[in-house]
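Down below is the structure, laid out as structure tokens.
The values are calculated or read from the model by the stated rules, or taken from the named source; none is laboratory data. Source: prediction; values computed, not measured. In this analysis, Cβ positions are derived from the backbone assuming ideal geometry, glycine residues included, and neighbour counts consider all displayed protein chains.
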Amino acid sequence: MAWIKRHLIAFAALAVLVYMLVPNIVVAVFSFNEPKGKFNYSFNEFSTAAWTNPCGTQGICESLGLSLQIGLIASITAAILGSMIAFALGRYRFRGRSATNLLIFMPMATPEVVMGSSLLTLFLALGVPSGEGAILIAHIMFCVSFVVVAVKARVATLDPKLEEAAADLGANPTQTFLRVTLPLAAPGIAAGTLLAFSLSFDDYIITNFNASPSSITFPMFVWGATARGVPVQVYVIGTVMFLLALLFVVTGQVIGKRRNRQVA
Amino acid sequence: MAESGVLPAPPTSAPPAARPLAEPRKRRNWVPYALLLPGMLWLVVFFVLPMITLGSQSLQEGNVDDGYVFTGNVGIYVDAFQQYWPQMVRSLLYAGTATVLALLLGYPLAYFIAQKAGRWKNVVLVLVVAPFFTSFLIRTLAWRTILSDDWFITQWARKLHITDLLQAVGLTSNDSLLFSQFAVIMGLTYNFLPFMILPLYTSLERLDPRLLEAAGDLYASPWQTFRKVTWPLSLPGVVAGTLLTFIPAAGDFINARLLGNTQTTMLGSVIDAQFLRVLDYPLAAALSFIMLLTIVTMVTIYVRKAGTEELL
């Protein structure tokens, strides 16, 4: 009893962790299911059919390709725009700072459905056609703030003396930036880009407001499939994404540790 | 990962102290503005401007085929309230409940990772963050399996009369768990839990364990230590976490549609349908604008009350 009492927090933490991970485990298990009927909600028979034929459902790989493409362009653009803002906020003092911070914070504090629908009204007013371009504009918009937060957190931990030292050693501002500041900020930029990619890749609500029938992203494909039965291939892709995310996060931590050791 | 800031905390919660900056930079005053310009322009054109067109769209009259004319028809807001107040109340209620639940569930886990996990710390953090990087829709669909009638959870809940209890308090309407208010709130809690845990973790990690020892040495009970030391010091994390959970939960309609029934429709769902299926743009825009104003007002009051204005 005393043992249980002493580890109460650990048990509570474990229970919450189980709650958070059970859906991922279910998705992985059901990717090996051969569903009876069109709905993949109860386990019928073990099968690797979906794994050996991940593109076996019409439209699934096209939508996946589109999501990857949008995710890459949006996250890289947001990473550039966001990192520039983060450097300005982290390294300079200027007028209009609090207004800038507020404008960065606002998109993170606005429900997606408001952002998506308001963009739709802008595009309607300007006559911008919905489709891939509109989706890209929207994704870059909501990703920028998250990149700023990630990069700013990193820039804030950097010692300005390192940059001063580079300047004292005769490096011009460009050299200082490229050789000192940028490499040191790289983990923050990488984390921000990864976060932006996953936000873009996963977005349904905002995308749906700005998509056209010819620009079906992966989440839109999944949503469309919920009514007529989600193909097992969706579970396969979900599992692969989870494993890739684990791999990315673990690699990031290992690299981070190594770098810290080198610096120390 | 966490220290490099995956955590979507309000931006200014980062180190408050303005570092004394090197003198020479002052001469190049245009540099920060040049760095800000492209990103800020993007946000002004594609975030601020749309809010204005949204407001304007709500005050227009007309139809999709013949176009719209601005008439300043404020009456649309009265219509919107009269027609959809149940969905508005429901959205706030569900999101509020999910936020409280996420705080209750997230706090022990965040505390464990920050103070107790030792060498398991990074492993547990990865496990908290990883689901967040995988598809929201697919994970929500998985709950349809987990809560389905033929799975053990519903079976056990029936045996233990939990289903009766849920039905008695009106969270479910029959002896199933799925497609009910219970399932929607559970789904919202699940989906936004990482947004609660990460800010909580960041503030609990900064908590000096020596303070807790000191409290113990001064004969505080564990509960008193929590009330007087841990909780007040974690408040910035609590405020950030509750905001980051409540805001997306209030606007969400995916959980309500996938796990709920026709009686659990949330405001987000109405906005989505009015814009994309009914094509009643003024009404949809009015509803969207109401949601924006409600949330901005609530967030402002909450942050003032919590006394953590420096967060914003």
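If I go through region A:221-255 residue by residue, how many of them are assigned to a helix (DSSP H, G or I) and farther than 20 Å from A:Thr207 by Cα?
Total satisfying the criteria: 21.
Could you tell me which of the residues A:Ser200, A:Ser214 is over 19 Å from B:Asn191 (Cβ atoms) and modelled with pLDDT of 90 or more?
A:Ser214
Pairs only if they're at least six apart or on different chains, beta carbon under 9 angstrom, first in region A:34-63 and more than 14 Å from chain B (Cβ to nearest Cβ) and modelled with pLDDT of 85 or more, second loosely packed, with under 13 Cβ neighbours inside 10 Å and outside any loop (DSSP other than H, G, I, E, B); list them, first residue then second.
Matching pairs, first to second residue: A:Glu34/A:Phe46.
Taking A:Ile85 as meeting all but one of (1) within 18 Å of the chain's Cα centre (by Cα); (2) within 9 Å of chain B (Cβ to nearest Cβ); (3) not aromatic (Phe, Trp, Tyr), write down the number of the exception.
(1)
Which condition breaks for A:Asp168 when tested against (1) of a type in the set (Asp, Glu); (2) surrounded by 17 or more Cβ atoms within 10 Å (Cβ to Cβ); (3) over 30 Å from B:Gly268 (Cβ atoms)?
(2)
Do any helices (runs of 4 or more DSSP H) lying entirely in region B:132-214 carry at least 3 residues that are of a type in the set (Phe, Trp, Tyr), and which ones are they? Talk me through it step by step, then tell me what you get.
Values: elements: B:136-146, B:152-159, B:162-168, B:181-205.
Because the criterion is at least 3 residues that are of a type in the set (Phe, Trp, Tyr), the helices (runs of 4 or more DSSP H) in region B:132-214 that meet it are B:181-205.
Regarding region A:193-209, can at least one residue be identified that is in a loop (DSSP other than H, G, I, E, B), without any contact (Cβ under 8 Å) to a residue 40 or more places away in the chain and not assigned by TED's automatic domain parsing to the domain that holds A:Ser47?
Within region A:193-209, one or more residues are in a loop (DSSP other than H, G, I, E, B), without any contact (Cβ under 8 Å) to a residue 40 or more places away in the chain and not assigned by TED's automatic domain parsing to the domain that holds A:Ser47.
Considering every residue within region A:172-189, establish whether at least one is within 7 Å of chain B (Cβ to nearest Cβ) and either over 19 Å from the mean Cα position of the chain (by Cα) or touching a residue at least 12 places away in the same chain (Cβ under 8 Å) (or both).
Yes, region A:172-189 has at least one match.
Output the number of the condition that A:Thr181 fails; it satisfies all remaining conditions of (1) within 30 Å of B:Phe136 (Cα to Cα); (2) assigned by TED's automatic domain parsing to the domain that holds A:Glu112; (3) buried (at least 16 other Cβ atoms within 10 Å of the Cβ).
If we test A:Thr181 against (1) within 30 Å of B:Phe136 (Cα to Cα); (2) assigned by TED's automatic domain parsing to the domain that holds A:Glu112; (3) buried (at least 16 other Cβ atoms within 10 Å of the Cβ), just (1) comes out false.
Considering only region B:130-185, how many residues are surrounded by fewer than 16 Cβ atoms within 10 Å (Cβ to Cβ), within 14 Å of chain A (Cβ to nearest Cβ) and touching a residue at least 60 places away in the same chain (Cβ under 8 Å)?
The qualifying residues number 0.
Provide a single number: the residues in region A:13-57 that are among the small types (Gly, Ala, Ser), surrounded by fewer than 22 Cβ atoms within 10 Å (Cβ to Cβ) and more than 30 Å from B:Leu105 (Cα to Cα).
Matching residues across region A:13-57 total 4.
Taking region A:143-156 as the search range and keeping residues that are more than 7 Å from every other protein chain (Cβ to nearest Cβ) and under 9 Å from A:Ala185 (Cα atoms), which one is surrounded by the fewest Cβ atoms within 10 Å (Cβ to Cβ)?
Filtering region A:143-156 down to residues more than 7 Å from every other protein chain (Cβ to nearest Cβ) leaves A:143, A:145, A:147, A:151, A:155.
Narrowing the set further to residues that are under 9 Å from A:Ala185 (Cα atoms) leaves A:151, A:155.
Numbers: A:Val151: 30, A:Val155: 23.
Going through the qualifying residues, I end up with A:Val155.
Scanning region A:238-261 for residues that are β-branched (Val, Ile, Thr) and more than 8 Å from chain B (Cβ to nearest Cβ), which turns out surrounded by the most Cβ atoms within 10 Å (Cβ to Cβ)?
So the residue we want is A:Thr239.
Looking only at region B:72-118, how many residues end up being in contact with a Phe, Trp or Tyr (Cβ under 6 Å, 6 or more places away or on another chain) and without any contact (Cβ under 8 Å) to a residue 40 or more places away in the chain?
The number of residues fulfilling the criteria is 0.
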